[in-house]
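Down below is the structure, laid out as structure tokens.
The values are calculated or read from the model by the stated rules, or taken from the named source; none is laboratory data. Keep in mind that this is a model prediction, so the values were computed, not measured. Glycine gets a Cβ as well: all are built from the backbone with ideal geometry, and neighbour counts include every protein chain shown. These accessible areas exclude ligands, DNA and RNA; they are computed on the full protein's heavy atoms, side chains included. Shrake-Rupley method; radii C 1.70, N 1.55, O 1.52, S 1.80 Å.
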Amino acid sequence: MRGDVGMLKRLAEFLGGRDAATRPAICYRLATCVVLLEAARADDAFTATERRHIVEVMKRRFALTEEEAD
């Protein structure tokens with residue numbers, strides 16, 4: 001899924017040497033997203049509705065753009 005690729009890209013960027021000052025915020029966002037994804041997949045079904053909800057939560061909570069959240 002496209003969101004998974006984007007998240008993996010951000011993880012690679014994070015591990016590749018982001019500015020140390022921004023690392024905690026990125027790590028917190030990433031951890032939050034992982035927890036939400038794991039909860040959504042707990043029943044072995046990950047629906048488009050669940051994905052949209054996670055994207056909306058991430059956008060609201062972290063003031064992300066559509067592209068950043070996707």
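Worth a mention:
- Selection count, segment 33-46, where residues are outside any helix (DSSP H, G or I) and either among the aromatic types (Phe, Trp, Tyr) or open to solvent by less than 30 Å² (accessible area, probe 1.4 Å) (or both): 1
- Considering segment 47-67, and only residues there that are in a helix (DSSP H, G or I) and among the hydrophobic types (A, V, I, L, M, F, W, C), the residue that is nearest to Gly6 (Cα to Cα) turns out to be Val55.
- Checklist (1) over 15 Å from the mean Cα position of the chain (by Cα); (2) surrounded by 13 or more Cβ atoms within 10 Å (Cβ to Cβ); (3) modelled with pLDDT of 70 or more applied to Thr49, failing item: (2)
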